[in-house]
Amino acid sequence: MNARLSTALMHWDYIAPLLTPASTEDEYQALVESLDALLDSGAADEAHPLAGLAGMVGDLVSAYEQKHYPMPGEMSGVEALCFFYGAR
């Protein structure tokens, strides 16, 4: 086994949750918090060593949001405000 894989295995319990799709709201919130921390550390810069991880976590967050919080179809401005502010 190579050294890089060996090191990853030693830290897998910490890494795996960042690479696993969220199936609950708590897991989703943990991914959002992780993404925020990555971006705060500079991972929004494509040259940052954690930029790839930020992209992967962002994809997982986006997938959960699309499934659990889908955006409605075409609507008027008033309908959009009602949607976002919960007014009926």
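Bear in mind that the values in this text are calculations on the coordinates, not laboratory data. Small disclaimer: the values here were computed from a predicted structure and weren't measured. Please note: Cβ atoms are built from the backbone with ideal geometry, for glycine as well, and neighbour counts cover all protein chains shown.
Things to note:
- In the chain, the DSSP-assigned H stretches of four residues or longer account for a calculated mean residue ellipticity at 222 nm of -18000 deg cm²/dmol, using -39500 (n - 2.57) per stretch and the full residue count as denominator.
- Computed extension gain for TRP12 through GLU25, at 0.36 nm per residue and net of the alpha carbon distance, reaches 2.5 nm.
- Taken about its Cα centre, the chain carries a charge dipole of roughly 180 debye when the Cβ of each Lys and Arg holds +1 and the Cβ of each Asp and Glu holds -1.
- For region 1-46, a crude dipole built from +1 on the beta carbon of Lys and Arg and -1 on the beta carbon of Asp and Glu, taken about the Cα centre, is about 380 debye to the nearest 20.
- One decimal place: the segment PHE84-HIS48 gains 9.5 nm when fully extended, by the rule 0.36 nm per residue minus the C-alpha distance.
- Dipole of region 1-75 computed with +1 at Lys/Arg Cβ and -1 at Asp/Glu Cβ about the Cα centre; of ALA16, HIS48, LEU5, farthest Cα towards the positive end is LEU5.
- Most fluctuating residue given options SER34, SER76, SER62, as computed from a GNM of the chain linking Cα atoms under 10 Å: SER76
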